[in-house]
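Visitor: Right, I'll just put the structure down here and ask away after.
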Amino acid sequence: MRTRALYALLIVAAGARLLLAVGAMPPYAGLDEAWHVARVAFVAREHRQPNISERSIPPYIGRAIRGEELPAFGETRAVRSIVDRPFVAGDLVPYESPNYEAQQPPIYYAIAAKLAGGSAVGELRRLRLLSALFALIVILAAASIGNRWFGTRGVVVAVLIASLPTWITLVIRASNDAMACALAAAAIAVSACHPERSEGPGRAGGAAHPPRFLATLGMTAAEALLWALAIATKLYVWPIAIVALVFWRVQRGSTVRIAIVVIACAVSALLTMHYLSAHTHNAFGDFGFDAPAHHAAPRPIAWGQMAKITIASLVWTSGQHADALRPLAMLLYVIPLLALVRLRRSPYFAAAGFAVAAFALAQAVNAAAFIRQARAAGLALPLGGKEGWYWYALAPLVICVFAKHARIAALWLLAWDVVITEVALFHDYAGVTSPGGKNVLFTWGPLHAPFTAHLANIGVGPLAAHLTALRIVHIAAIGVLFALESSLHDRHAHIGAAADANAA
């Protein structure tokens, strides 16, 4: 019963933090958000997916990108009170230009299209709330993984994911990232918590108990479906699937289970590649693998600049406003977190390590593709291959490295979450900072007191006028969550000590 209370508090804390981000963001402020919404709108109206070359951006999104009506904050950095009005025919057609987000697999856009229409503000709010729902699934899946390997401490440490500002940037905007992260997290949780053991169905030693057999079969079907859907949603999920191999080995997975999941993943990958081949210029849909558009004299690659962008966007993906933590602030933020990391020999940490290594290899291949393009086009800085924020797709798997010192990690991450969000980001949204205000922490400034930014007429919402209340709920729920977990831990320790005394 008390474990259920932990999960309820986890939902309250994470939900408040997610609504804080959803409520504060101005129109189309997330990374590439305007183009993702444009594709959703196209699918909703045309009932099909666009290809990479056809015109598919509706006029209202085109105007936003150009900084006109309801300007895209991610492109213009404009601050303007939101005016919500219903769509008219001229908002939707004729389409203005091709959309490079046509490079994405179709599954998210087919689902999100059900939420399109009405008005630009209403549409964007619904899409962001859908992303928030997916983000909450990520945190609950992480809690399930943590509970499996670390007990109740693993449940509470999952709430720290919502205090990673870069993760918030990745998942809370309208895009396919939150859905991909949710499916991957759920798939990892099912693989990690699968009931199969060495004495399971198909093993020597007698037939399995029917309910156990049905539970194992159901989990195998769920595992196959979740991995297949995750692979069909976003390219960067593919290397993460290696974690299933580690858990299969530990659980001595049956040949039938492994075959079902592998076949489902292979079919999903092949169908996705077939779709992308038909709608883009290559089987991965990643324009880094396209043939160079033109040829020019090669220039030396700006390796240092690539590394700087990757690291800066890994620490905090500021995105639309070009703000970022300065090097000293990055060190102050990251080094204590690294000191809190604790690893040990266990299947969980083996799976996390293999996933990180596979993801690093995939990102290196992606960077190499863009570097090849840059050399052919005579560019010093490749157009892609430096996306540090993609690494946060691994958050539900690696967050338990803080389980040993979860309280200290929570205090540190919460403090920095407030500094980055309420001291910097929200004031950037409000338009009261600039590159001329450099300070010891941020490349934009000046520094402002937290909880003083007014975003009620700038954020899309909902609850844009109640951001401080949401933050208070977030912090208070985390405090109660850790207090309850501590009482559970002490109670279990007392019971264990009493049992040992009785045995003696």
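No value in this document is a laboratory result; all are computed from the given coordinates. Not measured: the values here are computed from a predicted model. Reconstructed Cβ throughout: ideal geometry from the backbone, glycine too, with neighbour counts over all protein chains shown.
Visitor: What does the highest-first list of 309-315, 119-125 look like by mean Cβ count within 10 Å?
Guide: 119-125, 309-315
Visitor: Another one. Alpha carbon centre of region 435-491 versus region 390-419: separation in Å?
Guide: 15
Visitor: Right, another one. Find the centroid of the Cα atoms in region 2-65 and in region 112-176, then give the distance between the two in whole Å.
Guide: 11
Visitor: For E33, E75, what ranking results if the residue with the fewest other Cβ atoms within 10 Å of its Cβ goes first?
Guide: Exposure proxy ranking, most exposed first: E75, E33.
Visitor: Moving on. Given a Förster distance of 25 Å, report the FRET efficiency between A380 and Y100 from their Cβ-Cβ distance, rounded to the nearest 0.05.
Guide: The value I calculate is 0.70.
Visitor: For S434, list long-range residues whose amide hydrogen, built 1.01 Å from N in the peptide plane, is under 5 Å from its own amide hydrogen.
Guide: Counting only residues 5 or more places away or on other chains, the set is G445.
Visitor: A further question on this structure: Hey, can you grab everything whose amide H is under 5 Å from the amide H of G378? Only 5+ residues off in sequence or another chain; H modelled, so Pro and N-termini drop out.
Guide: Answer set, sorted by chain and number: A296, R299.
Visitor: Here is a follow-up. Give the calculated FRET efficiency between N439 and V256 to the nearest 0.05, with a Förster radius of 60 Å applied to their Cβ-Cβ distance.
Guide: Once the sixth-power term is evaluated, E becomes 0.50.
Visitor: Okay, moving on. So for region 303-466, considering every pair of alpha-carbon atoms, how many percent are separated by more than 29 Å?
Guide: Beyond 29 Å sits 33 percent of the P(r) for region 303-466.
Visitor: Summing -39500 (n - 2.57) over the DSSP H runs of n ≥ 4 in the chain and dividing by its residue number, what mean residue ellipticity at 222 nm do you reach, to the nearest 500 deg cm²/dmol?
Guide: -19000 deg cm²/dmol
Visitor: Can I ask one more? Report, to the nearest 10°, how far helix 467-503 tilts away from the longest principal axis of the Cα atoms in the chain, using its own Cα long axis and a range of 0 to 90°.
Guide: Around 10 degrees separate the two axes.
Visitor: Ok, one more. Please rank F402, F349, fewest neighbouring Cβ atoms within 10 Å first, as an exposure proxy.
Guide: Lowest to highest Cβ neighbour count: F349, F402.
Visitor: Still on this structure, I have one more. Amide H neighbours of F442 under 5 Å, counting only residues 5+ apart in sequence or on other chains, H built in-plane at 1.01 Å?
Guide: R326
Visitor: Now for a separate question. How large is ³J(HN,Hα) for each residue in region 175-190, as worked out from phi by the Karplus curve 6.51 cos²θ - 1.76 cosθ + 1.60 (θ = phi - 60°), to whole Hz, x for Gly and Pro?
Guide: Running phi through 6.51 cos²θ - 1.76 cosθ + 1.60 with θ = phi - 60° gives 5, 8, 5, 4, 5, 4, 5, 5, 5, 5, 4, 5, 5, 4, 4, 5 Hz.
Visitor: Follow-up question, since we're still on this one. Going by how many other Cβ atoms sit within 10 Å of their own, how do I458, I111 line up, fewest first?
Guide: The most exposed by this proxy come first: I111, I458.
Visitor: How high is the FRET efficiency between R344 and A307 when r is their beta carbon distance and R₀ equals 30 Å, given to the nearest 0.05?
Guide: Given R0 = 30 Å and the Cβ-Cβ separation, E is 0.45.
Visitor: Right, something else. Beyond 33 Å, what share of the Cα-Cα pairs of the chain is found? Please give it as a whole percent.
Guide: Looking at the chain, the distances longer than 33 Å represent 42 percent of pairs.
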